[in-house]
Amino acid sequence: MLNAEIVQLPCLKDNYCFLLHDFDSNITAVIDTPDANAIEAALEARGWQLDYILTTHHHWDHIDGHEALKQRYNCQVIGPRLNENVIPDIDQRVEGGDVLQLGGIDIQVIATPGHTLGHVCYWSQQLEAVFVGDTLFSMGCGRLFEGSPAQMWQSIQLLRDLPDTTAIYCGHEYTQNNALFALALEPDNQRLLMRCDEVDILRAKGLPTLPTNVQQEMQTNPFMRADVVGLQQALGMSGADPAAVFAEIRLRKDQA
Ligand SMILES: [Zn+2]
């Protein structure tokens, strides 16, 4: 039986990174490094060393702390092979389908091109958790800086295929803003209305709206719902190719 903990750590303006600790092996990993000082303080407060950095993608607010943390802890930096030339200090290159063993924690690498071409997500079936970087947000998804809408729709379907109860840990707290866009598309979606109320209450208290989970996003996130009849109707795209519907939703959000 795995005895592990996930710590969700707010960083910078609206980033999150995550500490993953296995108590039996005393192994700790961090997923992305928006702020080395914040990560170091969180590790020190718990008496943990840092053994691994897992990188979702190469944007600065996900890799900024790599160098300082590697210097301090001599940890292994793991990241996607496809963008390895723009990720600093990388030691181990991974791609979709790879399996990592961090102490007693098994991690599967899922390739999710779209936001960047090399973007990967890290899924722990044991912990029922997936770390999605900037691929998916609650009620939203990452902007398409490098990939096509069809690629991103494919990537999002891989996340949709994970078990319903899988907790989704996202790279940013964008939920409240995303909720306004989602509601404009589906004003009669009851699950969405309930989620928006919950989000408003949490944010009024300064609390995170994350993690979310697969089932909740399938019910409320328009980017997960490009093949849902009601949403296609709302867009005037009944029966259209879901990838085209996804592209239209992304376009509208970019222009919102
Ligand atoms: Zn990014």
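Here, each number is a calculation from the coordinates, and none is a lab measurement. Here the structure is a predicted model, which is why all the values come from computation and not from measurement. Cβ atoms come from the backbone with ideal geometry, glycine included; neighbour counts cover every protein chain shown.
All other residues with a Cβ under 10 Å from the Cβ of A226 taken together, and with Lys, Arg as +1 and Asp, Glu as -1, what is their net charge?
Charge balance near A226 sits at -1.
May I ask what percent, to the nearest 5, of DSSP beta bridges between residues of region 75-188 are antiparallel?
DSSP beta bridges in region 75-188 are roughly 65 percent antiparallel.
Just for region 1-116, what percent of DSSP beta bridges are antiparallel, to the closest 5?
If I count the DSSP bridges inside region 1-116, around 65 percent turn out antiparallel.
Rounded, prolate or oblate: which fits region 163-235, taking a ≥ b ≥ c as square roots of the Cα gyration tensor eigenvalues, rounded meaning a/c under 1.5, else prolate when a/b beats b/c?
oblate
Which three extents, in whole angstrom, do the alpha-carbon atoms of the chain cover along their principal axes, largest first?
Taking max minus min along each principal axis of the Cα atoms, the chain gives 54, 39, 35 Å.
Would you mind putting 31-39, 116-124 in packing order, based on average other-beta-carbon counts within 10 Å, highest first?
Peptide ranking by packing, descending: 116-124, 31-39.
Given H placed 1.01 Å from N in the peptide plane, which residues other than close sequence neighbours of T212 have an amide H under 5 Å from its amide H?
Correct list: I168, C170.
D for region 153-194, whole µm²/s, Stokes-Einstein with Kirkwood Rh over alpha-carbon pairs at 20 °C and 1.002 mPa s: what number?
On the way: Rh = 12.3 Å.
Once the numbers are plugged in, D ends up at 175 µm²/s.
Just for the chain, what percent of DSSP beta bridges are antiparallel, to the closest 5?
Working: 29 of 42 bridges.
Of the beta bridges lying entirely in the chain, close to 70 percent run antiparallel.
What's the FRET efficiency of A204 with A184 using the Cβ-Cβ distance as r and R₀ = 25 Å, to the nearest 0.05?
Working: r = 21 Å, r/R0 = 0.85.
My answer for the efficiency is 0.75.
Mind pulling the angle between the C-alpha long axis of helix 149-160 and the longest principal axis of the chain? Nearest 10 degrees, somewhere in 0 to 90.
70 degrees
For the peptides 136-142, 205-211, what is the packing order when you average, over each peptide's residues, the other Cβ atoms within 10 Å and list the highest mean first?
On the way: 136-142: 27.1, 205-211: 14.3.
Packing proxy ranking, top to bottom: 136-142, 205-211.
Calculate for the chain the 222 nm mean residue ellipticity that helices alone would give, adding -39,500 (n - 2.57) per DSSP H run of length 4 or more and normalising by residue count, nearest 500 deg cm²/dmol.
Taking each H run of at least 4 residues, the total per residue is -10000 deg cm²/dmol.
What is the distance in Å between the Cα centroid of region 101-150 and that of region 166-205?
20 Å
Would you give the gap between the C-alpha center of region 216-256 and the C-alpha center of region 77-99, rounded to a whole Å?
Centre-to-centre distance over Cα atoms comes out at 32 Å.
With a cut-off of 8 Å between alpha carbons and a minimum separation of six or more residues, what is the relative contact order of the chain in percent?
Contact order relative to length: 13 percent.
Can you classify region 78-135 as rounded, prolate or oblate using the Cα gyration tensor, where a ≥ b ≥ c are the square roots of its eigenvalues, rounded means a/c under 1.5, and otherwise it's prolate if a/b beats b/c and oblate if not?
Oblate.
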